[in-house]
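Notes to accompany the following structure.
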Amino acid sequence: MKFAVIVFPGSNCDIDMYHAVKDELGEEAEYVWHDAESLEDYDAVLLPGGFSYGDYLRSGAIAQFSNVMKEVVKAAEAGKPVLGVCNGFQILLEAGLLPGAMRRNDSLKFICKQVELKIENNETMFSAGYRKGEVITIPVAHGEGNYYCDDQTLAKLKKNNQIVFTYNGENPNGSLENIAGIINERGNVLGMMPHPERAVDTLLGGADGLQLFRSIVKQWREANAVNA
Amino acid sequence: MYKVKVYITLRESVLDPQGTAVKRALATHGYEGIQEVRIGKYMELTLDESVKDVDAAVKEMCERLLANTVIEDYRYEVEEVVAQ
């Protein structure tokens, strides 16, 4: 399986994403610059964290108009897995691939620490390797992760089971309903604030994030075995 | 030429953590009677005569990029500047 790791000016978790897929899972991965014309060669798209375009105007606001985002939209429409982490999540929101928006953390502080996440929905291609209700530990590192959407959108998220991860116990940023990660209706675009790519090795503090990448690969293999 | 002043603020229904912190700081400094502080962004655009419908153009810019209408409101003022 071949992953595209999108690199914007200001991305800083691209190497961790690459490492998770390439070194931990042994799958193919390539860095793809923000001006790329096509993502046709890739089976999945990873939007890493960081501060794309310096977070000018709003986090993710400028990145949504970069060349490669048109291709990310096409990949999403084609049903390919698209994962946005942290700034990648913010970009998916700004691009309208996921509903809602991010506000500053309610503490106004940049928060960098391990948090507990609860698996609310394990029937997605990203979370199938976890148990429903399972609590995992993954780091967050953000200043704007305070997820917001209007009541109508929230009702829809709940009805369609689109809330995949919530903060367990303490909510680090004040997000609505403790939301940490949501998926689109079709189930192939996931955005989350915590960093699974920073939790893929017990030597470096934990490997609870690895299962997310494994789930994507497993689902893809099964789908393609059927097609073959 | 046109000078356009764009004001972007968080929508009324959205809590403004920065505004709340500043309100508290003002109270700490002894300022009384402050009901609310809302923090926003201010932008100045200069457009030339080639822009035919300034109103429509600025509105579109606000909707597409300058404001995120999920959480932000915008308003703007257009001033025509005549070259001396």
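Tabulate in residue order the Karplus-calculated ³J(HN,Hα) for segment A:117-132, using 6.51 cos²θ - 1.76 cosθ + 1.60 with θ = phi - 60°, rounded to whole Hz; enter x for Gly and Pro.
The phi angles translate into 10, 9, 7, 8, 9, 9, 9, 10, 5, 9, 10, 5, x, 9, 8, 5 Hz.
Would you mind ranking A:197, A:120, A:24 so that the residue whose beta carbon has the fewest other beta carbons within 10 Å leads the list?
Details: A:197 29, A:120 21, A:24 16.
Ordered from fewest to most neighbouring Cβ atoms within 10 Å, A:197, A:120, A:24 come out as A:24, A:120, A:197.
Positive end of the charge dipole of chain A (Lys, Arg +1 and Asp, Glu -1 on Cβ, about the Cα centre): tell me which of A:33, A:211, A:4 has its Cα farthest that way.
A:211
Scan around residue A:105 for amide H atoms under 5 Å from its own, H built in the peptide plane at 1.01 Å from N, and keep only partners 5 or more places away or cross-chain.
A:144, A:145, A:146
How big is D for segment B:2-80, in µm² s⁻¹ as a whole number, if Stokes-Einstein is applied with the Kirkwood radius of its Cα pairs at 20 °C and 1.002 mPa s? The partial results should precede the final answer.
Values: Rh = 14.3 Å.
So the translational diffusion coefficient is about 150 µm²/s.
When the helix-only estimate is applied to chain A (DSSP H runs of n ≥ 4, each -39,500 (n - 2.57), divided by the residue count), what is the mean residue ellipticity at 222 nm, nearest 500 deg cm²/dmol? Mind showing how you got there, number by number?
Values: 5 runs with 52 residues, N = 228.
After summing the helix terms and dividing by the residues of chain A, the value is -7000 deg cm²/dmol.
Report the rotationally averaged projected area of segment A:94-228 based on its alpha-carbon convex hull, in square nanometres. Walk me through the numbers before you get to the answer.
Values: hull surface 35.1 nm².
Approximately 8.8 nm², given one-decimal rounding.
Can you tell me the relative contact order of chain A? Whole percent, Cα pairs under 8 Å, sequence separation 6 or more. Walk me through the numbers before you get to the answer.
Working: 517 pairs, mean separation 44.0, N = 228.
Reported relative contact order: 19 percent.
Which value, in nm² and rounded to one decimal, describes the direction-averaged projected area of the C-alpha convex hull of segment A:180-228? Walk me through the numbers before you get to the answer.
Details: hull surface 16.9 nm².
Result: a mean projected hull area of 4.2 nm².
Over all Cα pairs of segment A:15-80, how is the pair count split among 5 Å bins, expressed in % and running from 0 up to the last occupied bin?
The percentages, shortest bin first, are 3, 16, 24, 23, 20, 11, 2, 0.
Have a look at the DSSP beta bridges in chain A and tell me what percent are antiparallel, nearest 5. Before the final figure, lay out the partial values.
Details: 22 of 38 bridges.
Taking every DSSP beta bridge with both residues in chain A, the antiparallel ones total about 60 percent.
Suppose every K and R has +1 on its Cβ and every D and E has -1 on its Cβ; what is the size of the dipole of chain A about the Cα centre, in Debye to the nearest 20?
Values: 21 positive and 31 negative charges, 114 e Å.
Charge dipole, chain A, about its Cα centre: 540 debye, nearest 20.
Given a Förster radius of 45 Å and the C-beta distance between residue B:34 and residue A:207 as r, what FRET efficiency does 1/(1 + (r/R0)^6) yield to the nearest 0.05? Walk me through the intermediate numbers first.
Numbers: r = 50 Å, r/R0 = 1.10.
Step by step, r from the Cβ atoms, then E = 0.35.
Arranged by the count of other C-beta atoms within 10 angstrom, fewest first, what order do A:112, A:149 take?
The fewest-first ordering by Cβ neighbours comes to A:112, A:149.
Tell me which of B:13, B:46, B:78 sits at the most positive position along the dipole axis of chain B, charges placed on C-beta atoms (Lys, Arg +1; Asp, Glu -1).
Looking along the dipole axis, the top candidate is B:13.
If you average 1/r across every pair of different Cα atoms in segment B:35-84 and take the reciprocal, what Kirkwood value do you get, in Å? Before the final figure, lay out each step's value.
Working: mean 1/r = 0.0778 Å⁻¹.
One decimal place: 12.9 Å for the Kirkwood radius.
Using a 10 Å cut-off around each Cβ, can you sort A:166, A:153 from fewest to most neighbouring Cβ atoms?
Values: A:166 19, A:153 16.
So the residues, fewest neighbours to most, are A:153, A:166.
To check my understanding: the extent here is largest minus smallest coordinate of the Cα atoms along each principal axis. What are those three numbers for the protein assembly as shown, in Å, largest first?
71, 50, 36
Label residue A:28 and residue B:15 with points 7 Å out from Cα along Cα→Cβ: what is the distance between them in nm?
Rounded to a tenth, the inter-label distance reads 4.7 nm.
Near residue A:159, which lysines are there with a Cα under 25 Å away, not counting those fewer than 8 places off in the same chain?
A:80, A:118, A:132
Counting every Cα pair in segment A:1-112, what percent are over 20 Å apart? Intermediate results must be reported in sequence, preceding the final value.
On the way: 2225 of 6216 pairs.
The calculated P(r) of segment A:1-112 puts 36 percent of pairs beyond 20 Å.
Laboratory data are not the source of any read-out in this text; all were calculated from the coordinates shown. Since this is a predicted model, take the numbers as computed values, not measurements. Reconstructed Cβ throughout: ideal geometry from the backbone, glycine too, with neighbour counts over all protein chains shown.
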